Amino acid sequence: MTKDEKLAALHDRWATNNTCELKATATRHVPGAGPASARIVFIGEAPGKREDEQGIPFVGAAGKFLGEMLESIKLRREDVYITNIVKYRPPDNRDPEPEEKEACAAWLYEELNLIRPKLIVFLGRHAMHDFFPNLKISDVHGTLVHQRFDKIHTEYFLPLYHPASALYNGALRGTLQADFARIPLILDKITKNGTVDAYGNEKLAAEDQEN
Ligand code: URA
């Protein structure tokens, strides 16, 4: 089996076996999308109406904006992997409840550990709080975080504002676009040095200025 086939099988298994109660109201599960070889994984909150209809993450207005930001850094959707902490649409797009996140957590960790991306980008505070409950998105957006966890292999994390909240807010939109523009440099440093210690945020910020 190829890595992509293993990923597809993983989603099929979890779609059958998970205990998330949102299953009862959602049309279908929305698995992560993208190649199993992706070096970057983007994690959002939960599917919305369009995602629930199509079974693909980030295909609505926020997804279109995400696609534009990817293009601005010369990446296509097919180059990255996009997923959500919760795989079913909550009714009326309400925030997912803690037990709904818990029911999908092992599913998320298993997909992350199969892909083993170099960088995980959190789209919004809900995704970030799953890993860093004490961080505030307004303090850390656009800042590379290095942390080792027992549950996943990836050690580098970039929290960003959620594209949906930035879409119609001019100031947030500019901030998100500027944070997004740092991704290639961050990825380059992580990939080349293999260790965060060689490249703290100050050094990254200084190189940003030069570029
Ligand atoms: N917002 C999310 O967090 N995820 C999606 O898939 C779509 C919108």
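Listing for the model above:
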{"quantity": "List 78, 68, ordered by accessible area with a 1.4 Å probe, largest first", "calculated": "78, 68"}
{"quantity": "Length-normalised contact order of the stretch 32-143 in % [C-alpha pairs under 8 Å, at least 6 apart]", "calculated": "39"}
{"quantity": "Average accessible area per residue (Å²) across the stretch 131-178 - probe 1.4 Å, nucleic acids and ligands excluded", "calculated": "52"}
{"quantity": "On Cα atoms only, tilt of 61-72 relative to the major axis of the chain in degrees", "calculated": "30"}
{"quantity": "Antiparallel bridges, percent of DSSP beta bridges restricted to the stretch 3-210 (to nearest 5)", "calculated": "20"}
{"quantity": "Coil-residue chymotrypsin sites (Phe, Trp or Tyr not before Pro) of the stretch 89-176, DSSP, other Cβ within 10 Å capped at 14", "calculated": "149, 168"}
{"quantity": "Relative contact order for the chain, counting Cα pairs under 8 Å that sit 6 or more residues apart, in percent", "calculated": "21"}
{"quantity": "Using distinct alpha-carbon pairs, which all enter the 1/r mean, Kirkwood radius of the chain in Å", "calculated": "17.4"}
{"quantity": "Flagged links, alpha-carbon separation over 20 Å, of 118/192; 87/118; 74/189", "calculated": "87/118"}
{"quantity": "Exposure ranking of 136, 6 by accessible area [1.4 Å probe, largest first]", "calculated": "136, 6"}
{"quantity": "Heavy atoms of residue 39: accessible area, 1.4 Å probe, square angstrom to 10", "calculated": "120"}
{"quantity": "Residue 138 accessible area, 1.4 Å probe, all protein chains in place, Å² to nearest 10", "calculated": "60"}
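The values are calculated or read from the model by the stated rules, or taken from the named source; none is laboratory data. If you're wondering where the values come from, they're calculated on a predicted model, not measured in any experiment. Methodologically, a virtual Cβ is constructed for each residue, glycine included, from the backbone with ideal geometry; neighbour enumeration extends over all protein chains shown. These accessible areas exclude ligands, DNA and RNA; they are computed on the full protein's heavy atoms, side chains included. Shrake-Rupley method; radii C 1.70, N 1.55, O 1.52, S 1.80 Å.
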